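A short worksheet on the structure shown next.
The values are calculated or read from the model by the stated rules, or taken from the named source; none is laboratory data. Remember, predicted model here, so these are calculated numbers, not experimental data. Note: ideal-geometry Cβ built from the backbone for every residue, glycine included; neighbour counts use all protein chains shown. Areas reflect the complete protein model, heavy atoms only, side chains present, ligands, DNA and RNA absent. Shrake-Rupley method; radii C 1.70, N 1.55, O 1.52, S 1.80 Å.
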2 protein chains.
Amino acid sequence: MVRRTPVLSSRTISDATGSRVVLKAENLQRTGSFKLRGALAKLAALGERSSAGVLTGSAGNHAQALAYAARARDVPCEVFMPTTAAIGKSEAAAALGATVRLVGANVYDCVAAARERADESGMTLVHPFDDPDVVAGQGTIGLELLEDVDDLAAVVVPVGGGGLASGVAIAVKSQRPEVKIIGVQAEACAPVAASLRTGEPVVAGDALTIADGLAVKRPAEFTLGLMRRWLDDVVVASEDEIAEAMVLLLERAKLVVEGAGAVGVAALLAGRVRVPERGTTVTVLSGGNVDAGLLASIARRHETEAGRRLVVLTRVDDRPGMLARLLALVAERGANLVEVSHVREGIDLHVRETAIELVLETRSRQHAREVLGGIADAGYEARVLR
Amino acid sequence: MVRRTPVLSSRTISDATGSRVVLKAENLQRTGSFKLRGALAKLAALGERSSAGVLTGSAGNHAQALAYAARARDVPCEVFMPTTAAIGKSEAAAALGATVRLVGANVYDCVAAARERADESGMTLVHPFDDPDVVAGQGTIGLELLEDVDDLAAVVVPVGGGGLASGVAIAVKSQRPEVKIIGVQAEACAPVAASLRTGEPVVAGDALTIADGLAVKRPAEFTLGLMRRWLDDVVVASEDEIAEAMVLLLERAKLVVEGAGAVGVAALLAGRVRVPERGTTVTVLSGGNVDAGLLASIARRHETEAGRRLVVLTRVDDRPGMLARLLALVAERGANLVEVSHVREGIDLHVRETAIELVLETRSRQHAREVLGGIADAGYEARVLR
């Protein structure tokens, strides 16, 4: 029932790291993430015991995965989600036939509510990671890598609750103990990295991260023990590194990868992981569930930072030909006009002036500076908005 | 040297069409498009005759493909591109080792310049589609489909110059004549659809389309003849349909597909293609070369149209607490504040007022209307900017 996701080579990342790097495109998995593997494995292990139904607490990928798995096995499914969950995610779980209950402020409240409901209903709680069957299911990615990657030398894998990392590590190292397994967390929420470093379980604080799928503040003792035994290292990636990795995967690999799924690429490009000189390093793109709005934001930000986009607010006298002169000036400097808007209505402008917002495409930061210089030299005010 | 690209099922598109639809993810091909197949086939056919080098005129995918193929076979490559070509595309060809020459205003000028240079230099012109070897190379997609899709019933394929459509049709129908092959053009530039309908070669006018890779105004007689013989039908897709298909592929299939590559999905979702009731329909996602800026634009537009994003310009008295009151109001109505900007500086506001631009995330069009109603009821002006 799971898709055997493709392994895709990436020249860009290979060149950047000086080693052969390939991508396990688990973002192309059904339901958009690796979570389906664990959910299906758990339902298979439960067998008849799941007939009263299954439930879980989750804000995202695990909820969709369990809903899909339950439907495939024809058992009822309830999902407890935070009241703040994106409407797209609750709708996706409902569309897969799950009963969605919005409760509490965060995932911990939801898991607690699910546990309570399990006790009273006879339905079975399927925890997102604190469960050997779930870990075993995620490990199937490791089995596929052993078959599909000839000279496997290292696997770089995202770490949230630790189910994916543990499962892959056990699957791979049981057959090939010399293969390095390196976990990656988001710097903003990295309790596993801290726990392995200090030898004590660390609980992370509240943190917002673009890799929201990894924002598990308190990993389970079970998975923490597995990771201590089976992982070679756990490193972190910063928010900027993760966002840039998402854009690179969009532009070069043509893949939509969520923040949590891009941490491996982020860590590789930032040099936070030492890749083996020989053999192939795999990074697992664990999921692709990210809405169009966030994609647009990171793509825009990237364009702006790369000097490929310039948004300028300026003003022109409200006389015929003044706007045309400004636009001619911009065109002469080689900038491409994407959008021009008058900011005249909705604002009281008492002088005979019109405010103009220009959105320009430029070739580089240097070019953007030249265009701005040209506008200023001609006597126009120009404020860079973004 | 080409990647055997995966065939991915899509529940969303299958449900929408009432038939099994799968995606041939040729956007994951090296260089980001199917064009590599034709370029490599041509170089293989030339053999020693290519040793003086190859050249072509192209604004995009074919240029990158030929540069890649030439490097792989260690022969010189020159690419003539329009002076208006996106800097990203000329840089990509140069990074692959090609000599890039910027000439002329459009692709026709570039092909003409390349032809002239071929005559004087002894290098070989590799036309993007008017060449039997190139058509044969694109046809390898058809051979893969015959092997990889058990109950192949129809193939929906983009049509620009016609090399891809002809090659796939010949490869598939030579072995399985009952399989339907349906071409799709962008409505804004559809000379092939018109030519097959009228029986006369039609030349399209200048047209801008989001499927810029298909904007071939005058297909070759050679490929037109092949398409007349081998295709069952050629339909068109509108700009809006293509943009929506691109967003759906991003959000659901997790794939970045350029406009030209999304026309098949667009036509299927718009009901412009009658899919066979039995068997599997394949649509070829022919390429994924689209820059982050365009992706951001279509994703934003989609969010706005779906009522998930609202940009409002309003004004508040320039007194303490007025902005806080507005934001509290918006929050009470359940809208998520993404961005708030003062539009005070850069514009002369002579009254004691501040203009405020709010970017809000909303759940639906209905919800967006409720939020706007709430702002108006509280006595604020509110202009929807987009």
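The table that follows gives values for the structure above.
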{"read-out": "DSSP bridge orientation in chain A - percent antiparallel, rounded to nearest 5", "value": "45"}
{"read-out": "Beta bridges by DSSP in the protein assembly as shown, antiparallel share as percent, to the nearest 5", "value": "45"}
{"read-out": "Within-14-Å neighbourhood charge of B:Arg37 [Cβ basis; K, R +1; D, E -1]", "value": "+2"}
{"read-out": "Across the identical copies, how the A:Arg71 labels are spaced - nm, sorted shortest first, 7 Å along Cα→Cβ", "value": "4.3"}
{"read-out": "Buried solvent-accessible surface, both chains (A, B), 1.4 Å probe, Å² to nearest 100", "value": "3900"}
{"read-out": "Charge sum, other residues only, whose C-beta stays under 14 Å from B:Thr223's C-beta, Lys/Arg counted +1 and Asp/Glu -1", "value": "0"}
{"read-out": "At 7 Å out from Cα toward Cβ: B:Gly97 inter-copy label distances (nm, ascending)", "value": "5.4"}
{"read-out": "Inter-site label distance for B:Asp150 and A:Asp109 at 7 Å from Cα along Cβ, in nm", "value": "4.7"}
{"read-out": "Carbon and sulfur %, accessible surface of the range B:204-282 computed with the full protein complex present, 1.4 Å", "value": "44"}
{"read-out": "Stretch gain in nm, segment A:Val338-A:Ala194, where the contour uses 0.36 nm per residue and the Cα spacing is subtracted", "value": "47.2 nm"}
{"read-out": "Prolate/oblate/rounded label for the protein assembly as shown (Cα gyration tensor, a/c 1.5)", "value": "oblate"}
{"read-out": "The range B:189-300 shape via C-alpha gyration tensor axes, a/c threshold 1.5", "value": "oblate"}
{"read-out": "Nm distances between copies for A:Ser51, ranked from closest, using label points 7 Å along Cα→Cβ", "value": "7.6"}
{"read-out": "Average accessible surface area per residue within chain B, 1.4 Å rolling probe, Å²", "value": "41"}
{"read-out": "Pairwise centroid distance, computed over Cα atoms, of the range A:81-158 with the range B:134-148, Å", "value": "39"}
{"read-out": "Debye, to nearest 20: dipole size of the range B:136-237, +1 on Lys, Arg Cβ, -1 on Asp, Glu Cβ", "value": "400"}
{"read-out": "Burial of 10 Å² or greater, the range B:360-386 residues [accessible area, probe 1.4 Å, versus chain by itself]", "value": "B:Arg363, B:Glu381, B:Arg383, B:Arg386"}
{"read-out": "Sequence of B:Lys254, A:Lys217 from largest to smallest accessible area, 1.4 Å probe", "value": "A:Lys217, B:Lys254"}
{"read-out": "Computed E for B:Glu305/A:Thr83 - FRET, C-beta separation, R0 41 angstrom, nearest 0.05", "value": "0.95"}
{"read-out": "Per-residue [θ]222 nm for chain B (sum of -39500 (n - 2.57) over DSSP H runs n ≥ 4, rounded to 500)", "value": "-12500 deg cm²/dmol"}
{"read-out": "Set B:Lys35/B:Lys217; A:Lys35/A:Lys180; A:Lys24/B:Lys254; A:Lys24/A:Lys254 screened for pairs whose C-alpha atoms are more than 21 Å apart", "value": "A:Lys35/A:Lys180"}
{"read-out": "Candidate residues B:Ser297, B:Ser90: accessible-area rank, largest first, probe 1.4 Å", "value": "B:Ser297, B:Ser90"}
{"read-out": "Rounded if a/c under 1.5, otherwise prolate or oblate - the range B:121-273, Cα gyration tensor axes", "value": "rounded"}
